1. Looking for whichever is at pLDDT 90 or above, crowded, with 21+ Cβ neighbours inside 10 Å and not aromatic (Phe, Trp, Tyr) here; the options are A:THR147, A:THR90, A:THR175. Which one fits?
2. Given the conditions (1) assigned to a helix (DSSP H, G or I); (2) within 23 Å of B:CYS201 (Cα to Cα); (3) within 11 Å of chain B (Cβ to nearest Cβ), which single one is not true for A:PRO135?
3. Looking at region A:1-51, which of its residues are more than 9 Å from chain B (Cβ to nearest Cβ) and either among the hydroxyl-bearing types (Ser, Thr, Tyr) or in contact with a His (Cβ under 7 Å, 6 or more places away or on another chain) (or both)?
4. Is there a residue being modelled with pLDDT under 90, within 14 Å of another protein chain (Cβ to nearest Cβ) and more than 25 Å from B:ALA124 (Cβ to Cβ) anywhere in region B:233-243?
5. Out of A:THR18, A:THR23, which single residue is at pLDDT 90 or above and touching a helix residue (DSSP H, G or I) at 6+ places or on another chain (Cβ under 6 Å)?
6. Among the residues of region B:176-194, write down those that are assigned to a loop (DSSP other than H, G, I, E, B) and either basic (Lys, Arg) or within 14 Å of chain A (Cβ to nearest Cβ) (or both).
7. Taking the options B:LEU127, B:LEU106, name whichever one is within 14 Å of chain A (Cβ to nearest Cβ), surrounded by 11 or more Cβ atoms within 10 Å (Cβ to Cβ), modelled with pLDDT under 90 and within 23 Å of B:PHE265 (Cα to Cα).
8. Mind counting the residues in region B:130-175 that are assigned to a loop (DSSP other than H, G, I, E, B), away from chain A (no Cβ under 11 Å) and either of a type in the set (Ser, Thr, Tyr) or free of Cβ contacts under 8 Å to residues at least 12 places away in the same chain (or both)?
Amino acid sequence: MKEKLKLGGNVLLFLLATLLLATVQTSLWFQIFGYFPSPALWIPVLIYVALNRSTLETIIYSYLTAFVLASMTAMPEGVLMISCLGVALTAQVFKKRIYWVSASYIMMVSGLGALFFQLYHWGAAYVFGDPLSSPAIIDWLIEALLTPLAAPVLFPVFRWFDRITDRVEPMAEITARVS
Amino acid sequence: MNFFAFDIRKALIVLIVIALPLLSINMKRSPGEEPWYRKPVSATVSVVQSGYSSFTSGVRSTTSMYLKLIGIKKRNLELMHENEELRAKLGAITELKLENERLTKLLDFKRSTNMTLLAAKVIARDLSPDHYAIRINRGTRNGLKKLMGVITVEGVVGYVLKADADSAQVLVLTDRSSAIDGIVQRTRARGLISGKNSSTCRLRYLERADDVAVGDMIVTSGLQGYFPKGFPIGRLTSVRKTDFGISQEAEVSPVVNPSNLEELFVVLNAGHEDFNERFGDQDFGPPLLSKTNPPPSPEATAAAAASIVPASASPGAHDAHKTATSAPSPAAGAHQ
């Protein structure tokens, strides 16, 4: 029972982090920088989960992330879910193929995650009959360049979440190195 | 033998030493004339004294300069600080002035129309750079409902996509999933406005025979009651007619800059307002209605400013507003 409570608490903590970071991205950044492209601050959360959890847990978490983010975008929920799932699974595949122990690794994966999110969004919108006529490619690139800057700051916080909820970290050495 | 037992030489020396001042006193000196034997001493004294004087004067001036520099530095810091404060104040005043101008324009517009409008402020933007939705600080508690029109003084912004208790998501007309019923003001040809990219819209489903030209103003049809009739949406920037097909497609540049939105209005009730009757094409453009209305009083401007505050700060402040009809818009419903 206690284990389940800790697991639930862990998931809730990460969802809360997703919510807070996404609101910072959409509201606080907007208040300060206006319509200048913002870093996808919530992407590192999804990347961390993808790198440190089982595939099943990652899939469930991706859907929960989409559920949290849906209220902050006009993007259809289905497309959002597919995009989140695509990013998380890509990160898992990436981890199995390419991996090194460094802060640059999580930065790179987070940046790629931000870019892949847009690509999956573009693909899903195209497949489901709502294609992007003029993708904001410059915005995608700026977002992908800004997102990695947040990752090294956020990962130690996520690791702390895991520590206080007694989660085992399969890639603890990565996050330990950068914290 | 010396009778008095004293040294005569010593006595003489003492006598001479004692007598010297007397001799000196008794010597006659011409005024302004230095005796020859004093000249070298005077010259030396003069040089040394001048040296001392120059030295002390130099030290004094250096010290004074140093002290002044300390004072200047301190004063400079004070002035810099004061300058920064004044700059900040100037920035705030400029911002207030601009806000006042915007609010005056909004109030002017609100007073001149039959519509029931609710002022709102943009608080967030869309998560994705490919979607153009914004969040405003008004929700169902303020009488907002889904599909209600959102406008500024210049023209149409979009419509309410989702309404929560204290905030609402507004789909901007430049979003590709938006759909607003529009007509060409000059020829009354009908079409559907939807977004293309951040600064361009498309006018779709125009009939092939419709008379449209670059520069035509597209206005709202007002059919569903979510927008006033004849309210500006944008101007045609290009018209494309393919060799086959039954319709033609046109590109529209919105009159509202979607990436520059701060304060806007939600149309709670369009009140059968018809802008076609009041203004011709040439009258469009900001400020839309200032031609017919006197400038508002400062009190009225302050009231308008007060109405653009977070919803949480004035719950139920707009309960008295009439709400628009809840019948769903077929045009806007195209988003679903």
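The values are calculated or read from the model by the stated rules, or taken from the named source; none is laboratory data. This one's a predicted model, so the numbers in the text were calculated from it and none came from an experiment. All Cβ positions, even for glycine, are placed from backbone atoms using ideal geometry, and neighbour counts span all protein chains on display.
1. Values: A:THR90 fails: crowded, with 21+ Cβ neighbours inside 10 Å; A:THR175 fails: at pLDDT 90 or above.
Within the list A:THR147, A:THR90, A:THR175, the selection yields A:THR147.
2. Unmet condition: (1).
3. A:THR18, A:TYR48 - these are the residues of region A:1-51 that are more than 9 Å from chain B (Cβ to nearest Cβ) and either among the hydroxyl-bearing types (Ser, Thr, Tyr) or in contact with a His (Cβ under 7 Å, 6 or more places away or on another chain) (or both).
4. So far as region B:233-243 goes, yes, one or more of its residues are modelled with pLDDT under 90, within 14 Å of another protein chain (Cβ to nearest Cβ) and more than 25 Å from B:ALA124 (Cβ to Cβ).
5. Numbers: A:THR23 fails: touching a helix residue (DSSP H, G or I) at 6+ places or on another chain (Cβ under 6 Å).
After applying the criteria, what remains is A:THR18.
6. In the first step, residues of region B:176-194 are kept if they are assigned to a loop (DSSP other than H, G, I, E, B); the result is B:176-179, B:185-189.
Listed by number, the residues that qualify are B:ARG176, B:SER177, B:SER178, B:ALA179, B:ARG186, B:ARG188.
7. On the way: B:LEU106 fails: within 14 Å of chain A (Cβ to nearest Cβ).
Sole residue among the options that is within 14 Å of chain A (Cβ to nearest Cβ), surrounded by 11 or more Cβ atoms within 10 Å (Cβ to Cβ), modelled with pLDDT under 90 and within 23 Å of B:PHE265 (Cα to Cα): B:LEU127.
8. The initial filter retains those residues of region B:130-175 that are assigned to a loop (DSSP other than H, G, I, E, B), namely B:130-132, B:137-139, B:143-148, B:152-155, B:164-167, B:173-175.
Adding the requirement that they be away from chain A (no Cβ under 11 Å) leaves B:138-139, B:143-148, B:152-155, B:165-166, B:173.
Then keep just the ones that are either of a type in the set (Ser, Thr, Tyr) or free of Cβ contacts under 8 Å to residues at least 12 places away in the same chain (or both); that gives B:152.
So the count comes out to 1.
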